[in-house]
Amino acid sequence: MTDATVDATTESTAPRLLPVTDVSLVVLIGTSGAGKSTFARRHFLPTQVVSSDFCRGLVADDENDQSASAEAFDLLHYIVGKRLAAGRLTVVDATNVQPEARRQLVRIAREHDVLPIAIVLDVPPGVCAERNRSRPDRQLPAHVIPRQNRELRRSLRGLEREGFRKVHILRGEAEVAAAEVVPEKRYNDLRHLTGPFDVVGDIHGCRSELETLLTRLGYSLTRDAEGRPVDAAHPAGRTAVFVGDLVDRGPDTPGVLRLVMGMVAAGHAICVPGNHENKLGRAMDGKKVTVSHGLKESLDQLAGESEEFRAEVREFMRGLVSHYLLDGGALVVSHAGLPEKYHGRNSGRVRSHALYGETTGETDEYGLPVRYPWAEEYRGRALVVYGHTPVPTAGFVNNTLCLDTGCVFGGSLTALRYPERELVSVEAEREWYAPVRPLITDAPGAREGRPLDLADVAGRRIVETRLHGRVAVREENAAAALEVMSRFALDPRLLAYLPPTMAPSATSRRDGYLEHPEEAFLAYRADGVRHLVCEEKHMGSRAVLLVARDGAALERRFGVAGPGAIWTRTGRAFLDDDGLTAAVLGRVRSAAERAGLFEELGTDWLLLDAELMPWSLKAVELLRRQYAAVGAAAGAALPEVLSALERAAGRGLDLADLTARQRQRSADAGAFTEAYRRYCWPTEGLSGIRLAPFQLLAAEGANLAVRPHDEHLAWIDRLVAADDGEEPVLHRTGRVLVDTEDEASTAAATAWWEELTGAGGEGMVVKPLASLVRTTRGEGRPGGLVQPGMKVRGREYLRIIYGPDYTEHLDRLRQRSLGHKRSLALREYALGLEALDRLAAGEPLWRVHEPVFAVLALESEPVDPRL
Amino acid sequence: MSISTTGSAEDPATDLGFLLHKHPGKVQRFTTSHGEAHVFYPEAGDEVCTAALLLDIDPVALVRKGRGDGRGRGGSPDFALAQYVNDRPYAASSLLAVALRTVFRSAMKGACPARPELPGRARPLRIELPAVPANGAGEGGGPAMVARLFEPLGWRVEAVAIPLDESFPEWGDSRYVRIALVSEAVRLADALQQLYVLLPVLDGAKHYWVAPDEVDKLLAAGEGWLAAHPERALITRRYLARRWSLTRAAMERLELARLAEADDREVEEVDNAVDDRPEEEGARPEEEGTQGSGERPAEPERPRPPSLAEQRRAAILDALRETGAARVADLGCGQGELIGELLKDARFTGILGVDVSVRALQAASRKLRLDRLPERQAARVTLAQGALTYTDARLKGFDAAVLCEVIEHLDLPRLPALEYAVFGAARPRAVVVTTPNAEYNVRWESLPAGTVRHADHRFEWSRAEFGAWAEKVAAAYGYTVVLRPVGPQDEEVGAPTQLALFTATVDGPATAVDAPPTAVDAPPITVDAPATTGAATTTTPEGGEPR
């Protein structure tokens, strides 16, 4: 009977299940011809398998060249290391019958904090020899397989001792054939749990405060017959997460354990162990430990509990997993924090770091070990929440959060509501235990702008932007930006934004013009943008202002005290004079106060984009050296030229054409001098200084730059109207709204521009009224970003850019290429908004600094500077 | 430019036309590399004859031509330094010199086949140039410079500075000078040759569009008179400076120049980490103050006492040797002067030079001849770009770090970031810091009172200020510090340089009970749950209260 035969076969070789952790190093062990490659092919992806034969081939063009073995294994180890560093399951297909070969693999697994797993294919030597004989490409000397078999036999019993955390031995061909690999999750992998969570800091036996906190978080407590809390559940199904150090020092360690163990058992909570649980557990297991740091209180209190409860506690302690990955990997919880490379990994040092943190080997003045500032260096995307080190208040550092606010020392007990990122805390009822040192230490890296590292900015980089995808920064541009940023720019903590460059409108063919509004309107119309705003382009220099509402506001938010800052396009302090800077900021602050902007926007600081005038205030050196100098040279030379020409013409020489041309040059030079003079006027203190803000960039928790321009102008108008003082500092930005579908509207705007520039104005900037706009592709799908603005510069102003007599060379100057400038403008725009987004989201300094630095780097790209 | 001569009926001034090979009755046009030149005669009589050369430079062609290899993507002019707003079309610059050679080639050679006797004869000449750029460039420009250059050649010089803008008298004079050169008797060919060489020397500005071969021709024209000129050193130096700018324009990366331009700043204001003077000039950016405004030591050949920079390096080396350091990071290494000294001592086995300026690092690499050092020697040195306001993993693990004349180049509010990056994060066992002693500045005669020694110094500290800073940093980061003077000691104001040697306080390893386990390689290891195949030991690490 066919069925019976099948059954019998199945029974004799019942499928052997081989659990393999999803991130681990699988070491196949077996003699040549044991079927390792076949086994690997059957159970793993081709890319997961690294074979010594393959590596031999790579380095020596011959898979059987034994003389290349050393180099081949170097390569194999290198590949294995790269894969494990990336957290990928890796299978080593080599004989691995010698302890030395395995020792190296175990070492590599430990270096990357993954479990080494051994799978032994113990196939009789005869079978192996036969298989080898049938392989035309491999002729082994007869003694090789017996020798390998002897080595294998000697190895079998010691594999666990060598460090393999799982050892699967498959004996004989049938067992090999019937084996089935079963992927197994790591214990710390709870990524499928998405919360929401309430992560609770170090409790240390403060049961009463814990009850208060859980109640405040909305949990309802369940009590046993004696009124002791034994569980707490949240009506909305939230899960509590305890970061460890439930025990020791405080008044009621058993009470805390009873409640937390109840919650964990009921599935209402998750708990990771702290170093105190670790030590208490060992003490309760009868191990010899030093009784100190509040352990005695726990042992005494537990002595009053039942033997049964103590057994439950021991069981609970033993089952604790050092750290957890939650919410798809976006949240990591461990007692003492965890660097990114340890997330989800599994090794002694991972557990050690999770429980104790890392120390520098030094001790402080109280004899306590100095912590290694791992959070400072942390650059991971997952939020790491931890406790362990008491801090006065919980604060985010590089996407890490220490929740230990020293409740037992008279501080508070703090919880993080996740994903809301809200902190909830309750004050300690009293100081339960005297701290060894005062609770005034900083969370590592919280101050002094420490968290910025060179690796955050240097070299070729890709910055991910929400609006424009990946923006690349070239190495040479980053190098230049590094020099400017570190030598000349303001403190990066203040420098939350750098303004993007802006492209001009397409080159006009209109007689006498290089730029004209018509092209801007047409371009936006072609992009499907109907409503535009034309804003007057002021005759000053770009300035970004960070304005504090009060002296402490910036200290709180940016870590730098003071009234704020004003900076230029490359991040330099706009004014050398701190007093004058403060005076300008003071005027903006009081105007914003009177206009109610702080209240309305719920912020105690504002970031503004503005133009600061006159141009000579900042660029007087450039004006003198370049612009005025050219005017002076022309003014000295051309009258002499004309005089010489007139005298020569008086002699009857035919110089009419040449004279006409020189007269034109002279007139152009005069117009040029007039043009730059409009940008110069004297200032004395605040007197003469004019600030024309045109956009509110950001306020607390908000990227305002994406809001429509009519909103911006309304805010700005209120700000300007609220300026006081005998001589106004704040100035309005003239504007005209345009409907690109309405010819009367575009004509009116053109007339406005002509009037503006005819009177010597610089020109205007044309922007989509809605600010952030994308083109629409077919079926209304959003396309690329539309230029956020185009400048249309006045005919006279362009003499400052293209030279005094550029109007004589228009045909050639029209051959200008805008493509790179436009692309640059979009990339910088996206980076600027990215920085503001990250600032609004409260992301770490390095995340805000990254796109800001990238804007500066892109500014050093080769693009026609006249555009 | 106009050239006038006087004469009489027997010796008519219109002979100038023969000399110049240009007929006084014509208007002639010539094409030069940068635009059109016109020659015409406003006056042509026996008594007075004036020839005018009008060079009508095409500014657009100038910029587009100059972009050369720096051509940007999309065919746009990529030459941050080449401005359309340019004085070249108006000023009598090196471009005029080039045009002279084109237009008056024969006259310059002194050839005149029609009247062979004329070129050898000296005539009265008056040469007028309405706007000549006479740049100071640290050597005193303006009318004085014109006189220095032309008077030794026998010219009477009338030179008047032209104001920048009469609307803004506070801006002062421009760099342009209205010049008239008058001589009772000079050969025209000599006059033209002298102008040909000296106009560019006066100019001294950047000449990104003059080809190198043209520059060489300029110098060749100095034969016969340049050797005897008392200012030949100045002429040569400025000639070389021009060469240097030329090289820079062609070879260097322009990223920094673009960033300067983006902020309406002079390129030199930003890209100033490396002195632009040619290296053979002995540019010593760290020698500020000792040489003042460009005055050279009178007799450089005489053996001289060690310069302050040399004394400073010696003091640093002494301090490093005391610490027993083998691996040294030179933070802010500039052009590698100290690294050169470190290389001479085999005890320094690993030397890292870090500077924020890529140009400085390139110069250091060139000066240290890193590419030509024997492999083992070269392996001792690494140069890397870095900024000390950022922490940098590459700086960890050194025995000592040197901050030689570095801190004063940082704005004071940024100094804490450097303190942390060096003393907190990199944490070498020893740190040597040197900085100027501001008190000593009164002893530099050439240094105006109240100014700093180098334009980029953001601050200079007194001994008390530096001492207080050093104590504060040492206390904050667990170092001890000793302060030392460097250079000649003055009873009242101390030494010109101050040095601080920081040594990390040696802490024993953390006490056993508080230390978490550190051994990670040795079994037994710890896991979160027992392995499936048994035998695994679950060992809890020894340790306890880490707080």
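The values are calculated or read from the model by the stated rules, or taken from the named source; none is laboratory data. The structure displayed is predicted, hence computed values, not measured ones. Cβ coordinates were reconstructed from backbone atoms using ideal geometry, including for glycine residues, and neighbour counts include every protein chain displayed.
Quick rundown of the values:
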| read-out | value |
| --- | --- |
| Scan of region A:747-762 for residues that are modelled with pLDDT of 95 or more and crowded, with 20+ Cβ neighbours inside 10 Å, ordered by number | A:ALA749, A:TRP753 |
| Filter result (more than 14 Å from chain B (Cβ to nearest Cβ) and touching a His at 6+ places or on another chain (Cβ under 7 Å)) within region A:82-121 | A:LEU84, A:ALA85 |
| Selection from region A:94-127 of residues that are among the aliphatic types (A, V, I, L, M), within 23 Å of A:PRO146 (Cβ to Cβ) and within 42 Å of the chain's Cα centre (by Cα) | A:ALA94, A:ALA101, A:ALA118, A:ILE119 |
| Residues of region A:530-566 classified as under 19 Å from A:THR746 (Cβ atoms) and in contact with a Ser or Thr (Cβ under 7 Å, 6 or more places away or on another chain), total | 4 |
| Selected residue (only one of A:GLU483, A:GLU555 is crowded, with 22+ Cβ neighbours inside 10 Å, within 14 Å of another protein chain (Cβ to nearest Cβ) and free of Cβ contacts under 8 Å to residues at least 40 places away in the same chain) | A:GLU483 |
| Residues located in region A:188-204, provided they are farther than 24 Å from A:VAL23 by Cβ and among the small types (Gly, Ala, Ser) | A:GLY201 |
| Residue within region A:443-453 that is crowded, with 22+ Cβ neighbours inside 10 Å and modelled with pLDDT of 90 or more present | no |
| Single condition A:LEU193 does not satisfy, out of (1) in the same structural domain as A:SER347 (by TED's automatic domain parsing); (2) surrounded by 19 or more Cβ atoms within 10 Å (Cβ to Cβ); (3) outside any helix (DSSP H, G or I) | (2) |
| Any chance A:THR215 is surrounded by fewer than 16 Cβ atoms within 10 Å (Cβ to Cβ), part of a loop (DSSP other than H, G, I, E, B), out of contact with any Gly (no Cβ under 6 Å at 6 or more places or on another chain) and not hydrophobic (A, V, I, L, M, F, W, C) | no |
| Residues (modelled with pLDDT of 95 or more and closer than 19 Å to A:GLU743 by Cβ) located in region A:525-546 | A:HIS531, A:LEU532, A:VAL533, A:CYS534 |
| Identity of the residue in region A:357-367, in contact with a strand residue (DSSP E or B) (Cβ under 9 Å, 6 or more places away or on another chain) and touching a residue at least 24 places away in the same chain (Cβ under 8 Å), that ends up farthest from the other protein chains (Cβ to nearest Cβ) | A:ASP364 |
| Hey, A:GLY87 touching a residue at least 12 places away in the same chain (Cβ under 8 Å), small (Gly, Ala, Ser) and assigned to a loop (DSSP other than H, G, I, E, B) or not | yes |
| Helices (runs of 4 or more DSSP H) enclosed by region A:794-867 - at least 1 residues per element that are surrounded by 23 or more Cβ atoms within 10 Å (Cβ to Cβ) and not β-branched (Val, Ile, Thr) | A:798-802, A:819-840, A:845-858 |
| Out of B:PHE423, B:PHE398, sole residue that is surrounded by fewer than 22 Cβ atoms within 10 Å (Cβ to Cβ), among the aromatic types (Phe, Trp, Tyr) and closer than 23 Å to B:GLU322 by Cβ | B:PHE423 |
| Residue in region A:774-790 that is among the small types (Gly, Ala, Ser) and modelled with pLDDT of 95 or more present | yes |
| Members of region A:791-809 found to be within 17 Å of A:ALA667 (Cα to Cα) and more than 10 Å from every other protein chain (Cβ to nearest Cβ), listed by number | A:ARG795, A:GLU796, A:TYR797, A:THR807 |
| Residue in region A:842-867 that is farthest from the chain's Cα centre (by Cα), counting only those that are farther than 30 Å from A:GLY803 by Cα and modelled with pLDDT under 90 | A:GLY842 |
| Selection within region A:423-442 - of a type outside the set (Gly, Ala, Ser) and modelled with pLDDT of 90 or more | A:LEU423, A:VAL424, A:VAL426, A:GLU427, A:GLU429, A:ARG430, A:GLU431, A:TRP432, A:TYR433 |
| Count - residues of region A:318-344 that are crowded, with 22+ Cβ neighbours inside 10 Å, within 11 Å of chain B (Cβ to nearest Cβ) and farther than 30 Å from B:PRO428 by Cβ | 4 |
| Residue pairs meeting the criteria (Cβ under 9 Å; at least 6 apart or on separate chains; first touching a residue at least 60 places away in the same chain (Cβ under 8 Å), in region B:24-37; second part of a loop (DSSP other than H, G, I, E, B) and of a type in the set (Phe, Trp, Tyr)) | B:SER33/B:TRP209; B:HIS34/B:TRP209 |
| Pairs with Cβ under 7 Å, 6+ apart, first in region B:85-97 and more than 9 Å from chain A (Cβ to nearest Cβ) and more than 16 Å from A:ALA636 (Cβ to Cβ), second in a loop (DSSP other than H, G, I, E, B) and at pLDDT 80 or above | B:LEU95/B:ARG88 |
| Answer from A:ALA633, A:ALA692, A:ALA628, A:ALA637 - the residue that is in contact (Cβ under 8 Å) with a residue 40 or more places away in the chain and under 14 Å from B:TYR90 (Cα atoms) | A:ALA628 |
| Subset of region B:249-266 that is at pLDDT below 75 and within 17 Å of A:ALA479 (Cβ to Cβ) - its residue that is farthest from the other protein chains (Cβ to nearest Cβ) | B:MET251 |
| Close pairs from region A:270-297: first surrounded by 19 or more Cβ atoms within 10 Å (Cβ to Cβ), partner among the basic types (Lys, Arg) and in a helix (DSSP H, G or I), Cβ under 7 Å, at least 6 apart | A:GLY281/A:ARG314; A:GLY281/A:ARG318; A:VAL289/A:LYS279; A:VAL289/A:ARG282; A:LEU295/A:LYS279 |
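Yes/no matrix, rows are residues, columns are (1) at pLDDT below 75; (2) closer than 23 Å to B:LEU20 by Cα; (3) assigned to a loop (DSSP other than H, G, I, E, B):
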position	(1), (2), (3)
B:ILE162	no, no, no
B:GLN193	no, yes, no
B:VAL197	no, yes, no
B:THR236	yes, no, no
B:TRP244	yes, no, no
